[in-house]
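Take a look at the structure below.
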Ligand code: B4P
């Protein structure tokens, strides 16, 4: 299966992706992790990306699309892939659709994990990553609202969007996600 996780910062995309990739045995592709790794490795791309993610801005589409295209070309993505935090803009979504269409590998499902803003602040304050300060989280939420939320309509029109309540324990959220994924796996009659 090819599945996208979308949701505000701290919605639990990374947390749930770890569980779902084990459940389905598919490759997990997190653009947040890839960008942080590139920064830690000291690459030019990583430095460029950090100047955006450290202040809560989305990294420019061409940078993110470049690293995803490279990763998608690897053999472990052929049988299935869980896109965690990608796409985050409609323009990234259009590029992803085109890349997947080229290989006749359409998306099966987009899971929108929904949580209220107050829960975002509580969770990220507990995590304490450098981009989890109140000011940065406010900026990330603003970017989410203007650039990422329109994705819901984009995928709803394709009939593959499912909304999942992201509040409660990680186990409760996973159970909700597992249910929509298992439903999407069933062949339509
Ligand atoms: P990401 O790494 O994708 O991170 P995120 O949105 O902060 O978090 P996520 O939803 O995965 O939350 P998590 O499970 O970790 O992005 C970081 C930055 O990279 C972005 O701001 C952006 O600048 C850049 N970026 C990434 N992809 C991009 C793209 N495609 N285009 C442009 N820029 C891009 O959970 C957060 C915390 O909550 C954890 O501490 C976790 O333990 C806790 N938690 C999770 N579920 C919980 C639950 N049910 N109950 C209690 N706590 C929970």
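Using C-alpha pairs under 8 Å with a sequence gap of at least 6, the mean separation divided by the residue count of the chain gives a relative contact order of 33 percent.
Hey, any idea what Rg/Rh is for segment 125-189, computing Rh the Kirkwood way over Cα pairs?
The Rg/Rh ratio comes out at 1.08.
In this rough spin-label picture, where each label sits 7 Å from Cα along the Cβ direction, the residue 118-residue 165 distance is 1.6 nm.
Segment 86-152: percent of C-alpha pairs farther apart than 21 Å?
39 percent
Available extension along the chain between residue 78 and residue 52 is 6.3 nm, counting 0.36 nm per residue and deducting the alpha carbon span. Once you order the gyration tensor axes a ≥ b ≥ c over the Cα atoms, which shape class does segment 65-110 get: rounded for a/c under 1.5, otherwise prolate or oblate by comparing a/b with b/c? It comes out rounded by the Cα gyration axes.
Which shape class applies to segment 42-127: rounded if a/c is under 1.5, otherwise prolate when a/b exceeds b/c and oblate if not, where a ≥ b ≥ c are the square roots of the Cα gyration tensor eigenvalues? Taking the square roots of the gyration eigenvalues as a ≥ b ≥ c, segment 42-127 is oblate. Packing here is the average count of other Cβ atoms within 10 Å per residue, and on that basis the peptides 96-102, 177-183, highest first, run 177-183, 96-102. Between residue 15 and residue 40, the contour length at 0.36 nm per residue exceeds the alpha carbon distance by 6.9 nm.
Calculated [222 nm] ellipticity per residue, helices only, for the chain: -16500 deg cm²/dmol; basis is -39500 (n - 2.57) per DSSP H run with n ≥ 4, divided by all residues, nearest 500.
On the basis of the beta-carbon distance and an R0 of 22 Å, residue 184 and residue 103 show a calculated FRET efficiency of 0.65. For segment 1-144, the Kirkwood hydrodynamic radius comes to 15.7 Å, computed from all pairs of different C-alpha atoms. The simple Förster model, with R0 at 25 Å and r as the Cβ-Cβ distance, assigns residue 1 and residue 149 a FRET efficiency of 0.55. Taking all C-alpha pairs of segment 1-67, those more than 15 Å from each other amount to 57 percent.
No value in this document is a laboratory result; all are computed from the given coordinates. Since the model is a prediction, treat every value here as computed from it, not as a measurement. Quick reminder, even Gly has a Cβ in these numbers, built from the backbone with ideal geometry, and neighbours come from all protein chains shown.
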